Amino acid sequence: MTDDPAISLLIVDDHPVVRDGLRGMFESVPGFRVLGEAADGVESLERAAALDPDVVLMDLRMPGGSGVDAIRELSRRGARAKVLVLTTYDTDSDTLPAIEAGATGYLLKDAPREELFAAVRAAAEGRTVLSPAVASRLVSAVRAPAAEPRSAPLSAREREVLALVARGTSNREIARELFISEATVKTHLTHLYAKLGVRDRAAAVAVAYERGILGGPDAG
């Protein structure tokens with residue numbers, strides 16, 4: 001016989017009918033306790049500070065203060081509560097900012113009751129929960145950013161540096177071969193990293209081959 005304490009909840013939504021429905025749903029089953037409600041992101045911060053819930057069920061688009069701003073502020077404050085987004089929106093402009101702001105999970109309002117209950121339990125334990133539609137969007141999004149820097153072509157010198165990097169040449173050796181200082185080599189690397197959307201030498205070489213910037217083994 002388990003004696004786990006109930007998971008405490010704060011429900012945040014600008015529609016009273018939705019808040020009432022969610023409260024009734026969670027209060028109808030054991031294991032959950034609704035501590036309070038909030039009608040927008042600003043109020044959710046006040047209520048979360050006062051009630052200290054385990055999980056905040058957060059809508060995103062609310063006239064009095066967005067859910068993403070509230071999630072970001074809760075994260076900044078180091079709030080104990082886990083945030084589970086519950087919304088009707090699954091566009092990239094909604095999902096990505098919410099996850100980046102610190103949301104533990106993201107569900108759509110058409111999720112079945114049992115899925116919602118399970119998601120809240122998972123969120124309370126710090127586990128990530130994403131609806132299938134949102135998960136597929138996130139997978140696509142993490143693959144997409146690398147394409148954005150294509151608009152900034154590499155200079156001739158940056159290509160020379162990159163070709164030498166691809167051959168495993170050190171910064172000191174690159175400087176000697178191109179008759180430039182090591183500091184200049186580092187500057188060129190910083191610029192080409194930014195243009196390729198990467199953070200290190202290995203990623204720069206991989207992306208360069210993928211885009212055809214390095215077409216094959218460089219003979220010179």
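Annotations
- Of all residues in the stretch 17-33, those that are closer than 18 Å to Leu108 by Cα, in contact (Cβ under 8 Å) with a residue 12 or more places away in the chain and either basic (Lys, Arg) or open to solvent by 40 Å² or more (accessible area, probe 1.4 Å) (or both) total 4.
- Some residue of the stretch 176-188 being more than 19 Å from Ala152 (Cα to Cα), at pLDDT below 90 and open to solvent by 60 Å² or more (accessible area, probe 1.4 Å): no
The values are calculated or read from the model by the stated rules, or taken from the named source; none is laboratory data. Quantities reported herein were computed from a predicted structural model and do not represent experimental measurements. Glycine also receives a Cβ, built like all others from the backbone with ideal geometry; neighbour counts cover every protein chain displayed. For the accessible areas, the whole protein counts, side chains as well, though only heavy atoms, and no ligand, DNA or RNA atoms are used. Shrake-Rupley method; radii C 1.70, N 1.55, O 1.52, S 1.80 Å.
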